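Here is the structure we will look at.
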Amino acid sequence: MHISRTARVLVAFVLGLAAPGAFAQLTDDGGNIVIPQHRVVLPPIRETPVTIDSVSVDVGIREQVATTTVGIVLRNPDGRPQEAQLLMPVPEGATVRQFRLEGLPDEGIARVLTREEARRIYESIVRRTRDPGLVEFAGLNLIRSSVFPVPANGTQRMELIYEQVLPADGPRVDYVFPRSESLERSGVKWSFEARIKSAKSIGAVYSPSHDLTTERRDDGVVRVRVPEASASAPGAFRLSYVTAASDGLSASLLAYPDPKIGGGKGGYFMLLLGVPADDDRRKFKREVTVVIDRSGSMRGEKLEQARNAALQILDALDDGEMFNIIDYSDTIASFAAAPVVKDSKSAGAARAYLQDLKAVGGTNINDALVQALSPKPAEGMFPVVLFLTDGLPTVGVRDEREIREGARKANAFGRRIFAFGVGLDVNSPLLSGLANGARGVPTYVLPNEDIEVKVGQVFRRLQGPVLAEPVLSYALKDPSPLAVQPVREVLPGSLSDVFEGEQVSVFGQYVSGEPLRFTLRGRDSAGKEVTFEATFDLAQASVQHSYVPRIWATRKIGTLIDEIRQSGADGAEPNKELVDEVIRLSTEFGILTEYTAFLAAEQNEFFGGESGGRQPSAGLPMPELRARMEREAGTRLGGGRAGSGAVSQEANSQAQQRSDKLNLDNRLLYAVGGGAAKEAAVDETTFSSVRQSADQAYYRRGQRWVEAGLLDQAESEPERTIEFASDEYFTLVDRLAKENRQGVLAVEGDVYLMLDGKRTLVRQSS
């Protein structure tokens with residue numbers, strides 16, 4: 001097939017920078033180079049460029065060897081055929097196994113370029129396009145294909161298969177598929193799937209970058225998928241799995257060194273644990289008490305959904321397990337005086353009882369809780385309370401602190417409380433405090449969400465814990481008499497029960513480079529005391545684990561916000577020191593909250609939210625901005641126990657406390673409406689003017705991206721200037737790549753950062 005020179009197109013397919021209709025281009029050897037990069041469009045071209053419809057990534061991992069199959073569909077909207085070529089960054093050690101083109105008889109040719117060859121290509125394209133996007137992939141190898149055609153007004157599907165031996169750190173194996181962290185959502189459809197096979201039992205499977213659904217087919221066979229909604233999220237796709245030790249525990253430590261901690265010897269860590277399910281798990285039976293609000297506000301669909309949720313739970317219980325139903329409004333009633341054994345007779349009677357429930361009256365939360373929590377559980381049973389309400393306490397004890405304390409005293413037998421807040425009129429801090437204080441989880445059912453689905457999602461986890469009342473302790477492997485506590489700022493401070501299929505992630509700071517010993521104690525499903533131990537050498541700490549400090553900071557912020565909101569019951573003023581710490585961490589790590597979103601100087605739906613047409617903060621000096629955040633946090637954190645604002649705050653805080661993956665676009669819930677024009681509701685938003693690089697954050701201020709530590713000096717003259725695409729610029733790229741920070745330069749606009757103690761401006765704008 002002959003294709004004219006003018007129709008020749010080179011698709012530099014740098015994965016993760018793909019978006020249709022947005023390309024940087026240049027003339028090269030009589031043809032065009034197309035770099036599918038979503039931020040920059042250079043001057044108009046003579047032809048309509050090739051675009052990317054979809055990318056599918058299928059990974060097979062067998063005993064540490066990964067085979068990655070990348071399927072790409074290109075579309076040519078032009079009336080003439082165009083040539084294309086594939087460029088794709090890949091990790092060190094990748095080798096090409098096959099490059100196929102659909103509909104063509106011969107296989108294409110693709111080869112791996114060395115890191116040095118790749119760097120020359122990146123540098124050449126960056127210099128000529130005046131676009132910094134490719135520097136994000138500095139330090140990676142590059143696969144380059146032969147030229148192939150894309151038919152006129154048609155599509156071409158290509159498939160690239162490459163192999164690599166994955167790096168391992170003890171029992172943990174890590175896989176990375178490079179993509180840009182500045183990827184914006186576009187029309188390109190992404191999909192990720194992986195199958196892992198190991199001769200050893202696979203314990204924890206984890207991704208710090210994307211949500212996963214996991215299917216275990218055998219002890220050593222796991223299949224994972226990334227849900228469609230998460231697949232297009234920005235950033236590389238990262239996947240780790242940990243094989244189990246002889247005692248069944250799968251444990252691994254991911255550490256990030258930070259010279260600011262422990263006198264230069266410390267850093268941040270993530271402990272990933274998978275607890276084995278023992279053969280005696282079925283000996284562990286549940287005693288479930290379902291507590292249903294039947295106050296007047298539950299009338300109609302809410303009560304019908306709650307009734308169906310209770311029936312769903314009843315059906316899920318095995319014969320021989322126990323249950324009760326307590327229903328409340330201004331009075332308290334129950335199906336039985338105490339939990340009863342489930343059999344066909346008791347289940348039938350319970351169904352009839354649920355059908356007779358009527359919604360009327362006020363809301364006596366306190367007495368319903370006390371009645372559900374007080375009875376002694378039957379011997380050998382795992383006691384659980386599912387507590388559902390759609391409102392505030394209006395009858396009996398109404399004081400929030402008194403209700404929490406009353407529940408604590410009544411719960412002498414350690415029932416787990418799983419609280420469900422339905423709608424926007426619930427006291428969200430109260431429900432979270434009740435659940436978190438009893439090893440449970442709070443769940444909020446927003447308007448237009450299904451109560452039955454939310455209750456079912458939680459109950460499916462409650463097959464009985466594989467490890468109850470777990471306690472984690474830390475020590476140096478070889479402690480000296482004067483050894484200090486080896487870790488600090490550990491989150492969560494205490495562990496909840498671990499249910500089958502769950503894994504435990506713990507974040508914290510370590511203060512020295514000496515080996516650490518972790519000891520996990522608890523009770524298995526048969527009630528037997530069990531102990532697991534693991535020792536880790538911190539010499540494996542790596543800047544490649546740059547997501548660890550950011551996730552730690554996310555959890556810390558959520559924990560602080562929860563503490564402030566719990567202490568703000570009944571009108572108490574929020575603790576200023578805690579508020580200041582939330583602002584400090586949010587600013588330093590680029591983790592926005594509803595109170596610090598003013599750091600994002602952009603137009604955004606959030607700024608027109610519940611608090612009265614708030615405006616973004618563009619142009620405000622940092623002292624004024626900090627004062628504004630303090631006022632906002634002080635006002636909203638201490639109050640707002642109910643309503644759309646309170647529920648959004650609580651849902652964000654709970655998500656942050658349990659976070660185990662990156663939230664690069666700062667996705668938040670926020671309150672909207674509430675006036676006559678629009679009903680109160682909770683919506684979701686993202687922010688694009690904050691960017692993270694390793695453990696640092698940068699904020700867009702006009703044409704500059706400003707390092708968090710320089711926000712007070714954002715308008716100051718730089719002490720040093722580095723011009724884009726100069727030799728000094730590429731020397732800086734290499735330097736930052738060694739620290740895994742080169743991504744900060746892959747932005748549109750100048751970058752203002754501290755370098756060697758000097759305020760340095762990297763001038764990238766023309």
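The values are calculated or read from the model by the stated rules, or taken from the named source; none is laboratory data. If you're wondering where the values come from, they're calculated on a predicted model, not measured in any experiment. Cβ atoms come from the backbone with ideal geometry, glycine included; neighbour counts cover every protein chain shown.
Odds and ends about this structure:
- Within the range 302-326, residues that are under 24 Å from V370 (Cα atoms) sit with their Cβ atoms under 9 Å from residues that are among the polar types (S, T, N, Q) and part of a helix (DSSP H, G or I), at 6+ positions apart or across chains, in these pairs: R307/Q355; F323/S346; I326/Q371.
- Test: residue in the range 77-86 that is under 29 Å from the mean Cα position of the chain (by Cα), within 19 Å of R179 (Cβ to Cβ) and buried (at least 21 other Cβ atoms within 10 Å of the Cβ): no
- Here the condition is being crowded, with 21+ Cβ neighbours inside 10 Å and within 30 Å of G437 (Cβ to Cβ); of A680, A694, A646, it holds for A646 alone.
- Residues of the range 529-541 that are surrounded by fewer than 17 Cβ atoms within 10 Å (Cβ to Cβ), more than 28 Å from V221 (Cα to Cα) and in contact (Cβ under 8 Å) with a residue 24 or more places away in the chain: A539 alone.
- In summary, R720 fulfils each of the numbered conditions (1) more than 31 Å from the chain's Cα centre (by Cα); (2) within 30 Å of S644 (Cα to Cα); (3) basic (K, R) with the single exception of condition (2).
- A553 surrounded by fewer than 17 Cβ atoms within 10 Å (Cβ to Cβ) and hydrophobic (A, V, I, L, M, F, W, C): no
- Subset of the range 432-449 (residues that are more than 22 Å from K285 (Cα to Cα) and under 23 Å from the mean Cα position of the chain (by Cα)): S432, G433, N436, P442, T443, Y444, V445, L446, E449
- Filtered residue count, the range 224-276, keeping only those that are in a loop (DSSP other than H, G, I, E, B) and at negative phi: 19
- D293 being closer than 26 Å to N427 by Cα and more than 27 Å from the chain's Cα centre (by Cα): yes
- Candidates V40, V11, V50, V34 - the one that is more than 30 Å from T243 (Cβ to Cβ), at pLDDT below 85, surrounded by 21 or more Cβ atoms within 10 Å (Cβ to Cβ) and in contact with a Lys or Arg (Cβ under 9 Å, 6 or more places away or on another chain): V50
- Taking the listed residues S473, S428, S494, S432, the one that is surrounded by fewer than 19 Cβ atoms within 10 Å (Cβ to Cβ) and over 18 Å from D660 (Cβ atoms) is S473, with no other qualifying.
- Pairs meeting the criteria (first residue in the range 369-389 and more than 16 Å from A337 (Cα to Cα), second residue surrounded by 24 or more Cβ atoms within 10 Å (Cβ to Cβ) and among the polar types (S, T, N, Q), beta carbons under 7 Å, at least 6 apart or on different chains) are T389/T363.
This table checks each residue for (1) out of contact with any Leu (no Cβ under 7 Å at 6 or more places or on another chain); (2) of a type outside the set (G, A, S).
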residue: D106; (1), (2): yes, yes
residue: R111; (1), (2): yes, yes
residue: I121; (1), (2): no, yes
residue: S124; (1), (2): yes, no
residue: V150; (1), (2): no, yes
residue: I161; (1), (2): yes, yes
residue: P167; (1), (2): yes, yes
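- Lone qualifier among S124, S180, S186, S145 - being among the small types (G, A, S), touching a His at 6+ places or on another chain (Cβ under 7 Å) and modelled with pLDDT under 90: S186
Residue-wise test of (1) among the small types (G, A, S); (2) part of a loop (DSSP other than H, G, I, E, B); (3) touching a Phe, Trp or Tyr at 6+ places or on another chain (Cβ under 8 Å); (4) surrounded by fewer than 22 Cβ atoms within 10 Å (Cβ to Cβ).
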{"residue": "G103", "(1), (2), (3), (4)": "yes, yes, no, yes"}
{"residue": "P149", "(1), (2), (3), (4)": "no, no, no, yes"}
{"residue": "R157", "(1), (2), (3), (4)": "no, no, no, yes"}
{"residue": "E181", "(1), (2), (3), (4)": "no, yes, no, yes"}
{"residue": "I196", "(1), (2), (3), (4)": "no, no, yes, no"}
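- 3 or more residues touching a Pro at 6+ places or on another chain (Cβ under 7 Å): qualifying strands (runs of 3 or more DSSP E) within the range 446-553: 465-476, 516-523
- Subset of the range 335-346 [in contact (Cβ under 8 Å) with a residue 24 or more places away in the chain and either buried (at least 18 other Cβ atoms within 10 Å of the Cβ) or not assigned by TED's automatic domain parsing to the domain that holds P383 (or both)]: P339, K342
- Checklist (1) modelled with pLDDT of 95 or more; (2) under 20 Å from F418 (Cα atoms) applied to L239, failing item: (2)
- Which numbered condition R404 fails, given (1) surrounded by 14 or more Cβ atoms within 10 Å (Cβ to Cβ); (2) assigned to a loop (DSSP other than H, G, I, E, B): (2)
- Just one of (1) in a loop (DSSP other than H, G, I, E, B); (2) without any contact (Cβ under 8 Å) to a residue 60 or more places away in the chain; (3) of a type outside the set (V, I, T) fails for L424. It is (2).
- Taking first residues from the range 486-507 that are over 19 Å from T214 (Cβ atoms) and partners that are among the polar types (S, T, N, Q) and part of a loop (DSSP other than H, G, I, E, B), the Cβ contacts under 8 Å between residues at least 6 apart in sequence or on separate chains come to P486/S512.
- Residue within the range 576-592 that is touching a Ser or Thr at 6+ places or on another chain (Cβ under 7 Å), at pLDDT below 90 and buried (at least 16 other Cβ atoms within 10 Å of the Cβ) present: no
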